[in-house]
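Engineer: Input: one structure, supplied below.
All of the numbers you see were taken from the coordinates with simple rules; none came from a lab. Remember, predicted model here, so these are calculated numbers, not experimental data. Note: ideal-geometry Cβ built from the backbone for every residue, glycine included; neighbour counts use all protein chains shown.
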Amino acid sequence: MPGLENAQQNQVDEIVPAMQIALVEEDIEQPIAAEYLYSQHISALVPQCPPAEATECDRECWRFTLNPISHNCFWPPKRRSPQRIASDDAEECSMWALSMYESEAQATRAYTMLAKKMKNIRKAIGDHLAVGSVTCSDGKCMPASRTGHFDFHPYVDADFVNGFQVIRALP
């Protein structure tokens, strides 16, 4: 009954004195959304790129590079080969990410398998293995596959040239 609810509220209003609520204004820093290095290419991909499963991470990882390491060693496949066509937005998103591996052994195994399929692998993706670290301020990692491969979506300010070191030539 509506009348009963109002009567109950009135009783509460009589028992409980009006409370003074002071609002405290604080300068709360709002997190700034980091911009991805290839935002102009990935922002329109559906449902989103990088996918929701991508998280900022601090981890050691391995990557195929040239020796010496240069900035183009950290170009994603789509930048290296713009003519490459993706079958869908998920694949397109992955082509704008950097391929990384969780361990040296996994990276070496993957390179050996890729070398069987790609004649010009040494020129296309490198002939050396480098190790380095990615941090939360560098970008977002996708979960690794069973082969240890994961996509890494870098932020604009990420600098990998100084963060990775060549450890050896690949077979």
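Engineer: At most 12 other Cβ atoms within 10 Å and a DSSP loop assignment: could you name the trypsin sites (Lys or Arg not before Pro) in the range 57-145 that fit?
Structural biologist: For trypsin sites (Lys or Arg not before Pro) across the range 57-145 that sit outside H, G, I, E and B with at most 12 neighbouring Cβ atoms in 10 Å, the list reads R84, K119.
Engineer: Taking R0 as 45 Å, what FRET efficiency do you get between A115 and Q40 from their Cβ-Cβ distance, rounded to the nearest 0.05?
Structural biologist: Calculated value: 0.85.
Engineer: Pop out the ³J(HN,Hα) list for the range 90-104 in order, Karplus 6.51 cos²θ - 1.76 cosθ + 1.60 with θ = phi - 60°, rounded to Hz; leave Gly and Pro as x.
Structural biologist: Computed from phi, the couplings for the range 90-104 are 5, 5, 4, 4, 4, 6, 9, 9, 8, 7, 10, 10, 6, 9, 4 Hz.
Engineer: So, counting K/R as plus one and D/E as minus one, what does the shell of residues with Cβ under 15 Å around V161 add up to?
Structural biologist: Taking every other residue near V161 into account, the sum is -2.
Engineer: Based on the inverse mean of 1/r over its pairs of different Cα atoms, what is the Kirkwood hydrodynamic radius of the range 90-169, in Å?
Structural biologist: Numbers: mean 1/r = 0.0736 Å⁻¹.
After inverting the pairwise mean of 1/r, the radius is 13.6 Å.
Engineer: Quote the relative contact order of the range 114-154 in percent (integer), defining contacts as alpha-carbon pairs under 8 Å separated by 6+ residues.
Structural biologist: 25 percent
Engineer: Once fully extended, how much extra length lies between E91 and E53, figured as 0.36 nm per residue of separation less the alpha-carbon to alpha-carbon distance?
Structural biologist: Values: separation 38, 0.36 × 38 = 13.68 nm, distance 1.50 nm.
Extra length available between E91 and E53 comes to 12.2 nm.
Engineer: List the GluC sites (Glu not before Pro) within the range 46-103 that DSSP assigns to loop and that have no more than 11 neighbouring Cβ atoms inside 10 Å. Provide the component values of the computation, followed by the final result.
Structural biologist: Details: sites: E53, E56, E60, E91, E92, E102; in loops: E53, E102.
Filter output for the range 46-103: E53.
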